[in-house]
1. List Thr73, Thr352 from most exposed to least, where exposure is judged by having the fewest other Cβ atoms within 10 Å.
2. Among the trypsin sites (Lys or Arg not before Pro) within region 41-129, which fall in a DSSP loop and have no more than 16 other Cβ atoms within 10 Å of their own Cβ?
3. For region 286-410, what's the relative contact order in percent, using C-alpha pairs closer than 8 Å and at least 6 residues apart?
4. Going by Cβ distance under 4.7 Å, what cysteines of the chain have no possible disulfide partner?
5. Pairs on different chains or at least eight residues apart, Cα atoms closer than 23 Å: how many lysine pairs in the chain fit?
6. To the nearest 0.05, how large is the calculated FRET efficiency for Ala243 and Ala78 if R₀ is 60 Å and r is the Cβ-Cβ distance?
7. Would you please classify the overall shape of region 1-126 from the alpha carbon gyration tensor, given that a ≥ b ≥ c denote the square roots of the eigenvalues, rounded means a/c under 1.5, and beyond that prolate means a/b larger than b/c while oblate covers the rest?
8. Just name one of Ala377, Pro303, Val58: the one whose Cα is farthest towards the positive end of the charge dipole of the chain (beta-carbon charges, Lys/Arg +1, Asp/Glu -1).
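Each value in this text was obtained by applying a stated rule to the coordinates, not by laboratory testing. Predicted model only: the values in this text are computed from it and were never measured. FYI the Cβ positions are ideal-geometry reconstructions off the backbone, even for glycines, and counts take in every protein chain you see.
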Amino acid sequence: MPTFRAPRGTRDLLPDERAVFDRLQRIAAHLAARYGYRPIETPLFEQAAVFERGLGEVTDVVEKELFRLAPRTEESEAWALRPEPTAGIVRAYVQHGMQTWPQPVKLTTTGPMFRYDRPQAGRYRQFWQFDVEAIGDPGPAVDAEIIELGTRFYAEVGVTGVEVLVNSIGDPACRPAYLAELAGYYRGHVASLPPTELDRLERNVMRLLDSKDPAMAELNAAAPRITDRLCEACAAHFESVKAHLSALGVPFRVEPGLVRGLDYYTRTAFEYYVAGREGQQQALGGGGRYDGLVQLLGGKPTPGIGFGLGLDRVALVLAEQGGGGSRAGDGPLAVVVGADPEDTITRLRIATDLRAAGLRARADLARRKLGRQLEAAGKEGAHFAVIVGDELAQGQVQVRDLLAGTQRIVTLADLARELARADAGHRHG
Ligand code: HAM
């Protein structure tokens, strides 16, 4: 057993897995740019109050899963690691006066989030999200645009069988009456409520609906549904979101039980799942509208909507589905080897020149026989071995094409250009 290990619920992304994440992040960045979202970076920690007020005091994420930082004597503020990026982005929107920018302000970020969750496959204490937020547009068209963007991401990274679940969870006009009805329903079943849920019944009854406690499943299935209690404005909004989705050719299923786990949501709520996958309860991503959040965090009333897609779960599903893209391109194109094991200076100098010319090159710096150097280059998957030998006196080296098995003499001055040309030849067949 090693003395030190990564903390429980976290994991190291070793180069192969990091390469998968690189690809996901690259696709996310290109896609977000195509849809007009501009990158933003907020701190990995915020005042804890940003999350407490933004996500809701009585939510699993705030009550159980927030990583609180031990206060330092000279600081009076309580901080917490971000469990999600939306509250921080909205905090930034208010702080920097983005209300005065052309609306909506469309922002995107990708990075690690922290939740003190019970670790299991697909559930970590540090995980990555691809997030987009459109702040300042009341919808409903932008709701559909964002939901479609999520499906486009899954399609471009290569996840198949993604299902879109949508719901509307009402707004301050229709929700209070619904919550009263819901509380009445659960009060009629107090005997079947686990103690933690009993406590929440009085503090935040909506959260009973997304309880992870298996004892709640049956009770929740029979609970009154917000979808049947929407006010006229919310119902019209939801109808329009659905019409826009249909017009865009995005298949979806209305799931009246979908309420999401954070308090800031109003109206549109949605999640992405992979059909028929074991552990189906794990969403690949989710999001929704948060028309009260900007005001809650100190800004003028401003509507907003966004999503967070879990990249760890996407990587997991890609691996299960046998996708994930190739790793091609991260090994060296050329390895500089030499007949004189001691002459590391020449090998390193040539590799340095190739790298300065923009090529992926490595010099063999071990003082070992040429045969061993070549063997290592082959194992690494290098396409070319640049062999330093007697021709060096004439300013020349041998270039061996390790894929084609051919070899020829090249002048050092032409080396970078020749390798680049041969590489293009390989790639275009
Ligand atoms: P969320 O549903 O809490 O929403 O998280 C979004 C996604 O992050 C989940 O669907 C899941 O894929 C991933 N995720 C969450 N927790 C974990 C975990 N412990 N391990 C691995 N993956 C996880 C939000 O965070 C909202 N901020 C989304 C949003 C943006 N709504 C509006 N704008």
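1. Fewest-to-most Cβ neighbours within 10 Å comes out as Thr73, Thr352.
2. Here the sparse-neighbourhood loop sites are Lys64, Arg72.
3. With pairs under 8 Å counted, the relative contact order is 19 percent.
4. Cys234
5. 4
6. 0.85
7. oblate
8. Positive-end residue among those listed: Ala377.
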